[in-house]
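Input: a single structure, listed below in structure tokens.
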Number of protein chains: 4
Amino acid sequence: MTQFSLHGIVPPVVTPLTTDMEVDAPSLRRVVRHLIDGGVHGLFILGSSSEVVFLDAQRRAEVIRIVMEEAGGRVPVIAGVIDIATDRCIQHAREARALGVDALVLTAPFYTRTSQAEIVDHFCYVRDAVDLPLIAYDIPVCVNIKLERETLHKLYARKAIVGLKDSSGDDGNMRMVMRDFAAHPDFAVLTGSEITVDYALLGGGHGAVPGLANVDPAGYVRLYDAARKGDWVAARAEQQRLIELFEIVFQGYPDTSRNASGVGGFKTAMQMMGLITHRHMSRPNAVLSDAHAAKVRAIVEKSGLLRAG
Amino acid sequence: MTQFSLHGIVPPVVTPLTTDMEVDAPSLRRVVRHLIDGGVHGLFILGSSSEVVFLDAQRRAEVIRIVMEEAGGRVPVIAGVIDIATDRCIQHAREARALGVDALVLTAPFYTRTSQAEIVDHFCYVRDAVDLPLIAYDIPVCVNIKLERETLHKLYARKAIVGLKDSSGDDGNMRMVMRDFAAHPDFAVLTGSEITVDYALLGGGHGAVPGLANVDPAGYVRLYDAARKGDWVAARAEQQRLIELFEIVFQGYPDTSRNASGVGGFKTAMQMMGLITHRHMSRPNAVLSDAHAAKVRAIVEKSGLLRAG
Amino acid sequence: MTQFSLHGIVPPVVTPLTTDMEVDAPSLRRVVRHLIDGGVHGLFILGSSSEVVFLDAQRRAEVIRIVMEEAGGRVPVIAGVIDIATDRCIQHAREARALGVDALVLTAPFYTRTSQAEIVDHFCYVRDAVDLPLIAYDIPVCVNIKLERETLHKLYARKAIVGLKDSSGDDGNMRMVMRDFAAHPDFAVLTGSEITVDYALLGGGHGAVPGLANVDPAGYVRLYDAARKGDWVAARAEQQRLIELFEIVFQGYPDTSRNASGVGGFKTAMQMMGLITHRHMSRPNAVLSDAHAAKVRAIVEKSGLLRAG
Amino acid sequence: MTQFSLHGIVPPVVTPLTTDMEVDAPSLRRVVRHLIDGGVHGLFILGSSSEVVFLDAQRRAEVIRIVMEEAGGRVPVIAGVIDIATDRCIQHAREARALGVDALVLTAPFYTRTSQAEIVDHFCYVRDAVDLPLIAYDIPVCVNIKLERETLHKLYARKAIVGLKDSSGDDGNMRMVMRDFAAHPDFAVLTGSEITVDYALLGGGHGAVPGLANVDPAGYVRLYDAARKGDWVAARAEQQRLIELFEIVFQGYPDTSRNASGVGGFKTAMQMMGLITHRHMSRPNAVLSDAHAAKVRAIVEKSGLLRAG
């Protein structure tokens, strides 16, 4: 096992695209610098907000290479190896390992419905195939099944996972999981929420993986630092500010899907901030219209991240 | 509008039953004294944990009468008027008002699927029929529809509701709602959770309606008081302790339904503590077996609420 | 056990309402005559399409009395005793029995989630309380739980039910159930669908409970008669015609809820045909606008049930 | 557009695997011969029952090559190009086209939630990329979204699809779709059900894609032929027999997932019939135990497809 420590603000790095749907390397490098300058504690690449499932093996590798190089060892880089089934995940895991990432993130299989027992096997197969720390990713809205508490216990007992990224939206269950693992400091729980990060930290969570940190990494780092110091009033104030900014994810819906509105909202703000060149997403996600973008701009300006035009 | 202030720990009072399924008045009186002695800020009778939907009009009235009399004005009493459709709710509302309760709690209609617009009408019809403060109760797991943020805004704008009891389990959305109403101190948000009460208070919530407060009201009051003082470490410690105690709700499942395991777990603990005579619930809920009860006892003993047998 | 035979077209009789939300007796009598003149084999009153859950005990009794009297023994009358929980259902069952109905229809409990074992108990409690044939009503979209095949087997083994009204929309599972009970002619399976009645009869079903039969009972009777004779081409042709007519249920949505659009569509057509005086439904269901009604009219005219205005 | 005619029994061909998880070519060839000897009208390879989502590009290509060669033009071969998102589907589509398949089958994107409008775009992007007939595959249980009627209309209007494989289990909605397209003989509707094939054909469907036809192709062909002749009694009798055989899919559950029990049940029967060498599925699907297999054997023997051991 490596010395990798999973904690703090670990943004799921968006994947900027060129107009011919290739990885936009200069934009991606700018994003990485923006995040590290903001003080984040790690980078989670190839997650849901990174449009991972839209990327083929070659583009996934390209993202890893660019981010690893730009990060230059300043922060750990963890990579999603998210795919439909075990052997495809193992293939991604081997490629990610060869490129030097610090840890891997894995969901339950999807499309085909599996049992909790089969999910345990799935994680163990991947863990056995690559000697890297594995983080369980609970995201029922995407994979249509919950990683149950008992499943997490079994995976930990079998030394298959070192942590949980919880994007289930079920803060109560996550609280129970944090309680279950409170005596096991080698197991980390990070929330995937943008808007209840202070909650998760109060409840004993080790950090957060908020998509919105692509836009405002320094804000989330301030939130985290305040929480570490036990200054919950300051943590909450920062969280409240970020909740206002989070409204950017709702501006496209229902003209677009929620996903195109959400990740598209991040990309639109980042385009306005000069971080990325284009705001479109992978096909078939619709792109936010100029009218949507104007609404996003108003929210970002109000937050002070962007000077009013 | 009355002077009624909605805040603090407002337990959903369980309804003790005799062996012939009547309201067990002496037990109910003991429960009320136990709660008020524990320092609670109000009593929510005829909610889900009170088995309200199993009770006919006569038994509902009996519960109100007993609790009003025993409370004797020391704390406000709010009553659920939960039923399938508008006119049945209005009937309950009129009876509850005649018996002098301070406010009413109402869910969306159920069985028949309604639209959000029809839900707005539903609340307005009930509000127009009785001149009492109305609290919206969001509990999708029971009524199979969410009270959307926009619906709450419309209801508030039409002066139909003075608050929200959120039992949706979606702490993120509740956080957004608290943000929306932060500038409106005449609108209160209470969580229905047992295990994220410190979260809700940190996020700006006004209180909680935890079923587990039937067992340990003083614990929740300590949690609330710590939060009011801004002592989040103490609030969290109390919450962690209550999370341990909350395990009593899982001991019957899957031998019984989750509901029979949950409310049955409360009743079993309360029986052991000498508060109520019987632990069975309304039909068709299964009763916890002696083996289940032994597991509940072990948890309650460990919490210190009960001397080890 | 009575001589009651459950088969054929058994429409769920809509409940016409006066403007002050009372049962519109003259309209209801016209509907009953319309249905019996159309050749139906039974009447199912107080079902979902009858807005049963909106009606209090007094109005439920009134519906039973009016329909029993108007039917005059020409066809059996079966009554829904649909309510949230066991004891409320038993109360309805006793009243329906006292008024002389031939059989009762019961769903799983709702609001509170129950287990399949508790559902078995629920039906047995009701069956034990009244000496009348009981029909299980599978309608997960309303009660949020499925009556599983094994549950039906247990209920039949305990002589608690004599049949199934399947409104689940899961024609595959219903087919399996029909297979399971094929050797038990004392158990009847009726579909609640309007648009796959020929399927259900081909698969061994005993009949149908289509809400649309309120509008065109004779059409469904022709479908049933053709199927009985083994003339599946004629049965299908009639079904295809009724599918065209079924479009009336979609004209209000999404301006209204699906329920207000569906039952409201039936009522609107029946109003145009002179059967009922008003088309509104119980609160909080929205009423179809004149524009919606015009679309309903066009469909009914095209079907030949109404002369073009 | 090719001369390809989509109709009849088109089994989703299972993918036999070797112990090192490669495509078992000799077994696959035997399966193809078994199916064509059974009289099927086409072969659907790389569908859900083929474990398509578990196979990488190389193995997908291998399946296509083997089946194309073994079929030798005797029946059309249609291939699933099922993957998470548009560009990955296009890649599969190009490879399948290069290998000479007659048509392609495509689902909605999954993992990331899309809107119906984005689904329309998804299909159009794939259709534009390859000049082959495209069949829409509605399987909400896997992709977590429904292909709505209106979406199908739009896709047909844009000449993006030539048919529908409906595995939604919603026979009512499929009936409406068949009605919608009744006047368009260039659009075919096939059911994915094993147990309501007679229904679908009675309702105007053009054929079926039943996984169970891997085990008993001749039975489904007899069913189809009877239906074509209008002999619905014979069609139903064959369907009833196949429903008995269908019980093989339930023997592993809940020890395994439903999928491992279902496709595993097919493979187990096929192994016993000497068609394939191994019955295991792709990881992480559990393999049916010997005890499960014995139950499968008893069902297959009873059906007459296998001599009692």
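When you look at D:Arg88, is it of a type in the set (Lys, Arg) and crowded, with 23+ Cβ neighbours inside 10 Å, yes or no?
no
Among what's in region D:1-53 and is small (Gly, Ala, Ser) and assigned to a loop (DSSP other than H, G, I, E, B), pick the residue that is nearest to D:Asn214 (Cα to Cα).
Top of the filtered list is D:Gly38.
Only one residue in A:Ile82, A:Ile36, A:Ile45 is surrounded by 22 or more Cβ atoms within 10 Å (Cβ to Cβ), more than 11 Å from chain D (Cβ to nearest Cβ) and within 18 Å of the chain's Cα centre (by Cα). Which one?
When all the criteria are applied, what remains is A:Ile45.
Can you spot a residue in region A:103-116 that is in contact with a Lys or Arg (Cβ under 7 Å, 6 or more places away or on another chain) and at pLDDT 95 or above?
Yes.
When you scan region A:165-190, how many residues do you find that are closer than 16 Å to B:Arg236 by Cβ and polar (S, T, N, Q)?
Residues flagged as closer than 16 Å to B:Arg236 by Cβ and polar (S, T, N, Q) within region A:165-190 amount to 0.
Which of (1) touching a strand residue (DSSP E or B) at 6+ places or on another chain (Cβ under 8 Å); (2) surrounded by 20 or more Cβ atoms within 10 Å (Cβ to Cβ) is the odd one out, the single condition C:Lys146 does not satisfy?
C:Lys146 satisfies every listed condition except (2).
Among the candidates A:Lys154, A:Lys146, single out the residue that is more than 12 Å from chain D (Cβ to nearest Cβ), closer than 24 Å to D:Asp83 by Cα and in contact with a helix residue (DSSP H, G or I) (Cβ under 8 Å, 6 or more places away or on another chain).
Just a single option satisfies the conditions, and that option is A:Lys146.
Run A:Val177 past the list (1) closer than 17 Å to A:Ile119 by Cβ; (2) more than 14 Å from chain B (Cβ to nearest Cβ) and report the number of the one that doesn't hold.
(2)
Is there a residue being closer than 30 Å to C:Glu238 by Cβ and under 17 Å from the mean Cα position of the chain (by Cα) anywhere in region D:99-115?
no
Tell me the residue from A:Ala93, A:Ala108, A:Ala103, A:Ala129 that is in contact with a helix residue (DSSP H, G or I) (Cβ under 8 Å, 6 or more places away or on another chain), within 20 Å of A:Val10 (Cβ to Cβ) and either of a type in the set (D, E, K, R) or more than 9 Å from chain D (Cβ to nearest Cβ) (or both), please.
On inspection, the qualifying residue turns out to be A:Ala93.
Being surrounded by 16 or more Cβ atoms within 10 Å (Cβ to Cβ) and of a type in the set (D, E, K, R) is the filter here; which residues of region D:293-309 pass it?
D:Lys295, D:Arg297
In a helix (DSSP H, G or I), among the small types (Gly, Ala, Ser), in contact (Cβ under 8 Å) with a residue 24 or more places away in the chain and closer than 22 Å to B:Ala234 by Cα: which single residue out of A:Ala200, A:Ala218 fits that description?
A:Ala200
Return a yes/no flag: does region B:63-79 have any residue that is part of a strand (DSSP E or B) and under 17 Å from B:Ala136 (Cβ atoms).
Yes, the conditions are met somewhere in region B:63-79.
Among the numbered criteria (1) more than 18 Å from the chain's Cα centre (by Cα); (2) at negative phi, which one does A:Met270 miss?
Only one criterion in (1) more than 18 Å from the chain's Cα centre (by Cα); (2) at negative phi is unmet by A:Met270, namely (1).
Name, by its number, the condition in (1) assigned to a loop (DSSP other than H, G, I, E, B); (2) surrounded by fewer than 24 Cβ atoms within 10 Å (Cβ to Cβ) that does not hold for A:Gly205.
Result: A:Gly205 fails condition (2) only.
Using beta carbons and a limit of 8 Å, which pairs, at least six apart or on different chains, have the first residue in region C:156-181 and part of a helix (DSSP H, G or I) and the second one among the acidic types (Asp, Glu) and surrounded by fewer than 21 Cβ atoms within 10 Å (Cβ to Cβ)?
C:Arg179/D:Glu244
Can B:Asp170 be described as within 14 Å of chain A (Cβ to nearest Cβ), crowded, with 24+ Cβ neighbours inside 10 Å and under 28 Å from C:Cys142 (Cα atoms)?
Spelling it out, it is not the case that B:Asp170 is within 14 Å of chain A (Cβ to nearest Cβ), crowded, with 24+ Cβ neighbours inside 10 Å and under 28 Å from C:Cys142 (Cα atoms).
Tell me which residues, restricted to region C:97-141, are among the charged types (D, E, K, R), within 14 Å of C:Gly163 (Cα to Cα) and part of a loop (DSSP other than H, G, I, E, B).
Scanning region C:97-141 gives a single hit, C:Asp102.
Check whether at least one residue in region B:202-210 is at positive phi and within 12 Å of another protein chain (Cβ to nearest Cβ), and report yes or no.
Yes: one or more hits.
Take region D:235-272 and flag every residue that is within 14 Å of chain A (Cβ to nearest Cβ) and not in a helix (DSSP H, G or I).
Correct list: D:Gly252, D:Tyr253, D:Pro254, D:Asp255, D:Thr256, D:Ser257.
State all residues of region C:180-199 that are over 15 Å from D:Thr196 (Cβ atoms), more than 9 Å from chain D (Cβ to nearest Cβ) and of a type in the set (A, V, I, L, M, F, W, C); if no residue qualifies, say none.
Scanning region C:180-199 gives C:Phe181, C:Ala183, C:Phe187, C:Ala188, C:Leu190.
With respect to A:Ala61, is the statement that it is in contact with an Asp or Glu (Cβ under 7 Å, 6 or more places away or on another chain) and surrounded by fewer than 22 Cβ atoms within 10 Å (Cβ to Cβ) true?
Spelling it out, A:Ala61 is indeed in contact with an Asp or Glu (Cβ under 7 Å, 6 or more places away or on another chain) and surrounded by fewer than 22 Cβ atoms within 10 Å (Cβ to Cβ).
This table checks each residue for (1) within 22 Å of B:Pro284 (Cα to Cα); (2) surrounded by fewer than 21 Cβ atoms within 10 Å (Cβ to Cβ).
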site: C:Val67; (1), (2): no, no
site: C:Ala98; (1), (2): no, yes
site: C:Arg113; (1), (2): yes, yes
site: C:Ala117; (1), (2): yes, yes
site: C:Cys124; (1), (2): yes, yes
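Can you name the residue in region D:220-267 that is β-branched (Val, Ile, Thr) and more than 16 Å from the chain's Cα centre (by Cα) and is also surrounded by the most Cβ atoms within 10 Å (Cβ to Cβ) among such residues?
It comes out as D:Ile248.
So that you can scan it fast, the table gives a plain yes or no per residue for (1) within 15 Å of B:Val10 (Cβ to Cβ); (2) not hydroxyl-bearing (Ser, Thr, Tyr):
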| position | (1), (2) |
| --- | --- |
| B:Thr196 | no, no |
| B:His206 | yes, yes |
| B:Val233 | no, yes |
| B:Leu242 | no, yes |
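Which residues, counting only those in region A:273-287, are crowded, with 24+ Cβ neighbours inside 10 Å and either away from chain D (no Cβ under 13 Å) or of a type in the set (Ser, Thr, Tyr) (or both)?
Hit for region A:273-287 is A:Ile276, nothing else.
The values are calculated or read from the model by the stated rules, or taken from the named source; none is laboratory data. Nothing here was measured: the structure is a model prediction, and the numbers come from that model. Note: ideal-geometry Cβ built from the backbone for every residue, glycine included; neighbour counts use all protein chains shown.
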